1. Considering each of 58, 79, 48 in turn, give the residue that is over 30 Å from residue 131 (Cα atoms) and surrounded by 15 or more Cβ atoms within 10 Å (Cβ to Cβ).
2. Does the range 107-130 hold any residues that are free of Cβ contacts under 8 Å to residues at least 60 places away in the same chain, buried (at least 20 other Cβ atoms within 10 Å of the Cβ) and part of a loop (DSSP other than H, G, I, E, B), and which are they?
3. Go through 237, 246 for me and flag whichever is assigned to a loop (DSSP other than H, G, I, E, B), under 18 Å from residue 276 (Cβ atoms) and either in contact (Cβ under 8 Å) with a residue 40 or more places away in the chain or assigned by TED's automatic domain parsing to the domain that holds residue 117 (or both).
4. Looking at the structure I just gave you, is residue 258 surrounded by fewer than 20 Cβ atoms within 10 Å (Cβ to Cβ), without any contact (Cβ under 8 Å) to a residue 60 or more places away in the chain and in contact with a helix residue (DSSP H, G or I) (Cβ under 6 Å, 6 or more places away or on another chain)?
5. Would you please name the residue that is nearest to residue 238 (Cα to Cα), looking only at residues in the range 266-282 that are touching a residue at least 12 places away in the same chain (Cβ under 8 Å) and not in a strand (DSSP E or B)?
6. I need a count of the residues in the range 23-34 that are more than 20 Å from the chain's Cα centre (by Cα) and within 18 Å of residue 80 (Cβ to Cβ).
């Protein structure tokens, strides 16, 4: 009996749903696009076409990986963020919609002028490159401790057409940089070490631990970044930091000890979680 594209898609969605995955239809469709080399519209338009045997075997192999817990973005090797496509690598986090809140806050903080931006813990480069996509005269630097992440970010910048406006390097936060940045961005590791084992499997098993583990209280990276802000930021510059759940008060306290204050309450993500904190120099400093 001939298996059509529609048959294969429905069967895969049913298997993924039976396994308790949250978005079985979306996952099945995304994996089918990859296996059959079709965009969404073509996949749906050709639902009654016979599925080629070799592509069907690829599709079943991808579905099996998803059933083992591997995220769709890792399977496909890329993830959409801010309307841009970012290639992933073992040393990069998979960008998530919550992090787009940091981009929103950064653009709101510097609405009228191009920025010289610095992205600390750049990973795939998604934060920096999203900002550059909205500020045509801006230039940015991304830093990551992992050479593989810096290389992936550099490749993403070149592929997206921002290679001439972005530079990426491997380093320990901003230790090798001088100041003059209008904007410092970061989605730092902020999971307390003791909580790492309780993360969902698609995070725990597939995201790099170094990009997640924020030390005993989850705040080590914030301390390191904030300690350098006075040196890094140009006059009038701001920093926008992603927060973990319940961390706004603690990060605000760390910032105050270094002469920085929030420019307002942390911007909330779509789930209502305070997610992006904008910091500026205290006026009396």
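1. Matching residue, one of 58, 79, 48: 58.
2. 122, 124, 125
3. Just a single option satisfies the conditions, and that option is 246.
4. yes
5. Top of the filtered list is 282.
6. So the count comes out to 7.
The values are calculated or read from the model by the stated rules, or taken from the named source; none is laboratory data. Since we're looking at a predicted model, the values are computed, not measured. Cβ: placed from backbone, ideal geometry, glycine included. Neighbour counts: every protein chain shown.
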